[in-house]
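Have a look at the structure below, then the notes.
The values are calculated or read from the model by the stated rules, or taken from the named source; none is laboratory data. Since we're looking at a predicted model, the values are computed, not measured. FYI the Cβ positions are ideal-geometry reconstructions off the backbone, even for glycines, and counts take in every protein chain you see.
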Amino acid sequence: MPCGEYFTSYESRMGLFRWRIQRVALVAGLPVPFVLPFLVGGGVVSTISQIYIFAVAVLGLNVILGYAGEIVLAQGAFMAIGAYATSRLVAAGAGLLPAVAVGGLLAAAVAVAFGLPSFRVKGFYIAISTLALQFISEWFFSNGQAAWIHGGARQQFPTEVGLVGPAGVVGTDLDVYYLGLVVMLLFAMLSLNLSRTGVGRTFRAVHENDLAAAVLGVDVFKNKLLAFAIGGFMIGVSGGLYGFYLGSLDPGYFDLALTLEHYVMLLFGGLGRVWGALIGVGVVTFVQDSLRIFLDGVSTATGTNATALVSVFFGAIIIVVLAVEPKGVLAALGQLKDYLRNWPYAY
């Protein structure tokens with residue numbers, strides 16, 4: 001607690017921004033992402049747009065894994081469901097926002113369906129259930145005989161789409177940037193508030209010890225499915241926005257490698273922490289893009305496929321993070337803050 005600041009009510013104790021310095025940082029920092037596109041180049045703006053979209057997906061994964069403790073290996077499948085549903089509805093003239101919302105609802109419904117085995121199994125067994133969904137998704141969206149359902153394996157988004165029907169046309173890189181920013185802020189606030197509610201505390205109780213939670217009267221199965229629904233909806237929305245960001249769809253965009261990439265982002269930032277998820281997405285994406293540019297140069301100079309080392313990079317991150325700081329970089333920053341708060345004294 002900062003010196004000179006005290007809580008006088010329970011509401012102030014549970015506030016999102018409890019300290020004066022946090023409120024000052026919010027006021028000073030909130031305008032930065034809104035003016036950033038005018039200060040950096042177009043390539044950086046596109047990268048940051050991808051960070052915003054992936055942040056929504058990682059926040060959804062954080063609800064399922066970080067809050068409720070359910071291992072999910074179908075991140076790519078949920079995003080694919082949201083993306084293909086969005087594409088079909090946009091082509092029908094529904095508008096981008098309704099299409100993305102419906103895609104999120106479909107992803108949530110599928111997430112709940114494949115979360116049903118959590119009634120009998122947990123841990124790695126439920127992970128196998130969701131891994132099966134990933135394989136089914138890749139087969140389904142690549143299958144031409146199912147094109148009457150998903151519209152075809154390869155699809156193109158229109159260059160300009162109305163937000164609701166024909167109204168509010170968006171299509172430029174700047175439009176995608178601000179749309180991703182607003183959606184990311186919305187779901188970040190949702191995740192922060194969810195962790196402070198009774199539902200979020202119930203999720204954490206199930207995560208820590210579902211047997212003890214059941215003894216205390218918690219409906220464990222219901223809360224697990226609720227976590228699947230909330231997280232699946234967020235991931236599906238992210239998939240719809242990602243498809244619009246790319247401008248085209250292909251099943252290869254939503255493979256198992258995408259799931260592992262999001263796991264790296266979440267573990268790097270800090271499992272169960274909203275700010276950790278956002279930091280992880282930003283840092284890993286920028287480092288990954290820089291590494292790919294470097295390896296492309298190495299490939300051109302040596303005539304080898306050096307870009308395959310990107311997967312080695314992700315594996316190294318997981319090993320280093322789990323060995324050095326299992327709680328993620330956000331926990332390490334907290335320890336550094338506590339050290340500097342006492343320095344140069346030992347108490």
Query raised in the report: Hey, any hits in the stretch 182-193 for a residue that's outside any helix (DSSP H, G or I) and within 19 Å of the chain's Cα centre (by Cα)?
Result: no
Just to be sure, is SER299 of a type in the set (S, T, N, Q) and in contact (Cβ under 8 Å) with a residue 24 or more places away in the chain?
no
One residue is enough: does the stretch 94-108 have a residue meeting the conditions farther than 30 Å from PHE34 by Cβ and outside any helix (DSSP H, G or I)?
no
Restricting attention to the stretch 301-312, the residues that are on the phi > 0 side of the Ramachandran plot and either surrounded by 22 or more Cβ atoms within 10 Å (Cβ to Cβ) or assigned to a helix (DSSP H, G or I) (or both) number exactly 0
Checked pairs for the stretch 101-118, first in contact (Cβ under 8 Å) with a residue 40 or more places away in the chain, second among the acidic types (Asp, Glu), C-beta under 8 Å and 6 or more apart or across chains, list as GLY115/GLU70; SER118/GLU70
Selection over the stretch 210-225 where residues are within 25 Å of the chain's Cα centre (by Cα) and without any contact (Cβ under 8 Å) to a residue 40 or more places away in the chain yields a count of 2
Of all helices (runs of 4 or more DSSP H) fully inside the stretch 202-300, the set with 3 or more residues that are among the hydrophobic types (A, V, I, L, M, F, W, C), buried (at least 24 other Cβ atoms within 10 Å of the Cβ) and modelled with pLDDT of 90 or more is 220-246
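Each row is one residue, and each column tells you yes or no for (1) surrounded by 14 or more Cβ atoms within 10 Å (Cβ to Cβ); (2) within 19 Å of MET79 (Cα to Cα).
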residue: GLU138; (1), (2): yes, yes
residue: GLY144; (1), (2): no, no
residue: ILE149; (1), (2): no, yes
residue: LEU192; (1), (2): yes, no
residue: VAL199; (1), (2): yes, no
Taking first residues from the stretch 26-39 that are in contact (Cβ under 8 Å) with a residue 40 or more places away in the chain and second residues anywhere that are among the β-branched types (Val, Ile, Thr) and assigned to a helix (DSSP H, G or I), the pairs with Cβ under 9 Å that are 6 or more apart or on different chains are PRO33/ILE48; PRO37/VAL44; PRO37/VAL45; PRO37/ILE48
Residues in the stretch 82-98 that are in contact (Cβ under 8 Å) with a residue 40 or more places away in the chain and out of contact with any Phe, Trp or Tyr (no Cβ under 9 Å at 6 or more places or on another chain) total 7
- Does LEU174 qualify as being surrounded by fewer than 15 Cβ atoms within 10 Å (Cβ to Cβ), of a type outside the set (Gly, Ala, Ser) and in a helix (DSSP H, G or I)? yes
